[in-house]
Amino acid sequence: MHNLDEVDSPALLVFPDKVAANIDRALELTATANGHCLQPHIKTVKNPDVARMAIERGITRFKCSTVSEGELLGSVGAERVLLSYQLSRVKAKRWRELRALYPDTEFASLIDNADSARMASGLFADDPLPVYVDINPGMDRTGIPPDRAPALIELMLQLPGLELRGFHLYDGHIRNPQDAERERQAKAALAEVDSLRRSAGENMSTNLEIIVAGSPNFPFYVGHENVWVSPGTFFLWDAGYGDAFPEWGFQPAALVLTRVLSVIDGEKLCFDMGSKAISPDKAQPRMTFPDLPDFEVVGQWEEHLVVRVPSTEGISVGDPYLAVPAHVCTTVNLYQEMLPVVDGRVKGSWAVVARDRRIGV
């Protein structure tokens, strides 16, 4: 890159051509007879520029984790947005404000218990809220066990203010390194929810949907009727998923720019890339260095990273390096902006607007 001497570090660089290629690859993997079944999660990028790139390529439906992310999607004209949480009363009031602010966007949410269903019913009685039953397929985080779902569905169908659209399940617990075993587990989970869908839909005119999957398994669900997949990491990809799932064919599109702070001795370097610059939620190494393939993390602090390399000969204080995060989603959340690299130069800024818990609503 030609102008790195103008960019302070640490910084998060984003490569729009690689983002575009990743979106195109995701659409290729999710192609169906009717177009595609991709409903991507915006949590990784939290950025309107990437959302617009997706919309320009024919993606109209998204998933999000926060009200701010929902507001971002409304602002760029997304047609349908699913909040992958059920609503607390406070969040429900904000979600209701979003619906008024962006009437052309459909805002939906999840429900996994009777109390939340009754609360949402009361708040949305005059303008029914599209909702999905959140199923726990074994992740044990949120969601109702499949065997308890029929009673909840029966209640929801009786309550005003709720418009049952289908089912949601997140399969993050399915992480077997063998593709065939992951696919077997994924399809078993889908079959259980599909049975619920058929039973619930017997007395409904609506064709109920299933929204499923993160990045490790989403291709396994493609081609099933009215099933949408919602990976998010694919936009930027990272070293963690890149090592674990190279077969999906995505490429890292967001890298951390760091510089040598100190040449400690003949085999140790210190970089300005502490836990405030790259996400600390994974075990070390929390990054890879394409130009330092044989490094070992010695220690990491808030502002410093010390690594051991075979030799520090030829390396000077101030030298720039690029690092691929092990977990890009939480790394993006550390930055106010991503700096686009176009034609080998850093140009402009992409704001990480939904990093804030509140934008306007």
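The values are calculated or read from the model by the stated rules, or taken from the named source; none is laboratory data. From a predicted model like this one, the values you see are computed outputs, not experimental measurements. In this analysis, Cβ positions are derived from the backbone assuming ideal geometry, glycine residues included, and neighbour counts consider all displayed protein chains. Just so you know, the surface numbers come from the protein's heavy atoms only, side chains and all, with ligands and any DNA or RNA stripped out. Shrake-Rupley method; radii C 1.70, N 1.55, O 1.52, S 1.80 Å.
Taking Cα centre as origin and charging only the Cβ of basic (Lys, Arg, +1) and acidic (Asp, Glu, -1) residues, the dipole magnitude of the stretch 145-276 rounds to 200 debye. Pairs exceeding a 29 Å alpha-carbon distance, out of Lys43/Lys91; Lys18/Lys43; Lys18/Lys91; Lys91/Lys347; Lys18/Lys268; Lys46/Lys282: Lys18/Lys91; Lys91/Lys347; Lys18/Lys268. Taking a Cβ cut-off of under 12 Å around His2, the surrounding Lys, Arg, Asp and Glu residues balance to a net charge of -1, with basic ones at +1 and acidic ones at -1. For the stretch 199-355, the residue among Ile210, Tyr335, Val256 whose Cα projects farthest onto the positive side of the dipole built from Cβ charges is Tyr335. Over the Cα atoms of the stretch 104-213, the radius of gyration divided by the Kirkwood radius equals 1.00; this is the Rg/Rh ratio. Enter the Cα centre distance for the pair the stretch 106-156 and the stretch 176-228, rounded to the nearest angstrom. Between the Cα centres of the stretch 106-156 and the stretch 176-228 lies a distance of 18 Å. Across all directions, the average flat footprint of the convex hull enclosing the Cα atoms of the stretch 161-267 is 11.1 nm².
Heavy atoms only, 1.4 Å probe, whole protein assembly: order His36, His224, His2 by accessible area, highest first.
Descending order: His2, His224, His36.
About the Cα centre of the chain, how large is the charge dipole given +1 on each Lys and Arg Cβ and -1 on each Asp and Glu Cβ? Please answer in debye to the nearest 20.
940
Averaged over residues, the count of other Cβ atoms within 10 Å places the peptides 79-88, 7-16, 180-189 in the sequence 79-88, 7-16, 180-189, highest first. Straight-line cross-link partners of Lys276 among the aspartates and glutamates, defined as a Cα under 13 Å from its Cα and at least 8 positions apart when in the same chain: Glu302, Glu303. Taking a straight Cα-Cα cut-off under 20 Å and skipping sequence neighbours fewer than 8 places away in the same chain, the aspartates and glutamates within cross-link reach of Lys187 are Asp134, Asp140, Asp147, Asp171, Asp179, Glu209, Glu225, Glu247.
Within the shell defined by Cβ-Cβ distances under 12 Å, the residues around Lys268 carry a net charge of -2, with Lys and Arg each +1 and Asp and Glu each -1.
Could you bin all the Cα-Cα distances of the stretch 1-117 into 10 Å bins starting at 0 and give me the percent of pairs in each, rounded to whole numbers? Pair shares across the bins are 12, 37, 28, 17, 5, 1.
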